[in-house]
1. Based on this model, can you work out whether M109 counts as touching a residue at least 60 places away in the same chain (Cβ under 8 Å) and in a loop (DSSP other than H, G, I, E, B)?
2. Given the criteria more than 29 Å from E72 (Cα to Cα), open to solvent by 50 Å² or more (accessible area, probe 1.4 Å) and in contact with a strand residue (DSSP E or B) (Cβ under 7 Å, 6 or more places away or on another chain), does P152 qualify?
3. Cβ-Cβ distance below 9 Å, separation of 6 or more or different chains: which pairs start in the range 117-145 with a residue that is surrounded by 14 or more Cβ atoms within 10 Å (Cβ to Cβ) and end on one that is in a loop (DSSP other than H, G, I, E, B) and among the β-branched types (V, I, T)?
4. Return yes or no: is R49 touching an Asp or Glu at 6+ places or on another chain (Cβ under 8 Å), among the basic types (K, R) and in contact (Cβ under 8 Å) with a residue 12 or more places away in the chain?
5. Does the range 102-111 hold any residues that are modelled with pLDDT of 95 or more and open to solvent by less than 80 Å² (accessible area, probe 1.4 Å), and which are they?
6. Scan the range 48-72 for residues that are open to solvent by less than 60 Å² (accessible area, probe 1.4 Å) and either hydroxyl-bearing (S, T, Y) or more than 22 Å from A180 (Cβ to Cβ) (or both) and jot them down.
7. Taking only pairs six or more apart or across chains, which ones have beta-carbon atoms under 9 Å, a first residue in the range 152-174 that is touching a residue at least 40 places away in the same chain (Cβ under 8 Å), and a second residue that is part of a loop (DSSP other than H, G, I, E, B) and among the hydroxyl-bearing types (S, T, Y)?
8. Quick check on W144: is it touching a Leu at 6+ places or on another chain (Cβ under 8 Å), under 25 Å from W50 (Cβ atoms) and not acidic (D, E)?
Amino acid sequence: MAGRLKRSVVALLGGAFDPIHSDHLRMAQECVRWGLADEVWLVVAPDVRWDKRTAVPAHHRLEMVRLALAREGQILCCDAEVKAGEYRGTLRLLDRLEKDYPEREFCWMVGSNSYPMIPFWRDPTEGWKPNGEELLRRFSVMVWPRPGSEMPDEEAHRRAGWKRLVIPPQEAWYNSSPTASSEVRRRLAEGESVDEMVPSVVLRYITKHGLYKK
């Protein structure tokens, strides 16, 4: 009997990408460079979320991500959450993607600051009951270091009965001060330079459409 084909691994990086910036790209590029996944998909959040508000509409944020990734090859833009029309949290997104792409194995990417909060994640349409532990049991997570927060304990993750924990090699960690979309927006509103913070093609799009002005 023929052996079962190995499913390709897709690492998912979710966010508002409001706008996409250098740290988003660097994390995705390092993931591909070190062979941690076959592809990285940047999952753009919808406009309406219970936990945050976006500064510009989804169609602009999607286009900026597509422009930034035009030459990246293994890094792609995913509009699944925007198309869904409602925000139901990470586990329900993974459920949909697993159903739509059974030939792929999905891994969720987070920073070390977000990892401890995963058990408390939830589907806002189902009330306040968390579903994050189910996510951790069923799907792998890849954790990247963030300043001021500790990396997860691999043994504790395993003892909890959760699925694979992926920690990139230290050579893939970068030491520069992290970029935040909020800081990019502030600088744009104040007319300050963001040349080293966002791809030039994205900055041209922002300027053309007059985004993030006061």
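The values are calculated or read from the model by the stated rules, or taken from the named source; none is laboratory data. Not measured: the values here are computed from a predicted model. When we count neighbours, we look across all protein chains shown, and the Cβ atoms used for this are built from the backbone with ideal geometry, even at glycine. What goes into the accessible areas is simple: the full protein's heavy atoms, side chains included, and nothing from ligands, DNA or RNA. Shrake-Rupley method; radii C 1.70, N 1.55, O 1.52, S 1.80 Å.
1. Values: touching a residue at least 60 places away in the same chain (Cβ under 8 Å): yes; in a loop (DSSP other than H, G, I, E, B): no.
Against the criterion (touching a residue at least 60 places away in the same chain (Cβ under 8 Å) and in a loop (DSSP other than H, G, I, E, B)), M109 does not qualify.
2. Details: more than 29 Å from E72 (Cα to Cα): yes; open to solvent by 50 Å² or more (accessible area, probe 1.4 Å): no; in contact with a strand residue (DSSP E or B) (Cβ under 7 Å, 6 or more places away or on another chain): yes.
No, not satisfied.
3. Listed pairs, sorted by first residue: M142/I167; V143/I167; W144/I167; P145/I167.
4. On the way: touching an Asp or Glu at 6+ places or on another chain (Cβ under 8 Å): no; among the basic types (K, R): yes; in contact (Cβ under 8 Å) with a residue 12 or more places away in the chain: yes.
When the stated conditions are applied, R49 does not pass them.
5. R104, E105, F106, C107, W108, M109, V110
6. T54
7. Cβ pairs passing all conditions: P152/S112.
8. Details: touching a Leu at 6+ places or on another chain (Cβ under 8 Å): no; under 25 Å from W50 (Cβ atoms): yes; not acidic (D, E): yes.
No.
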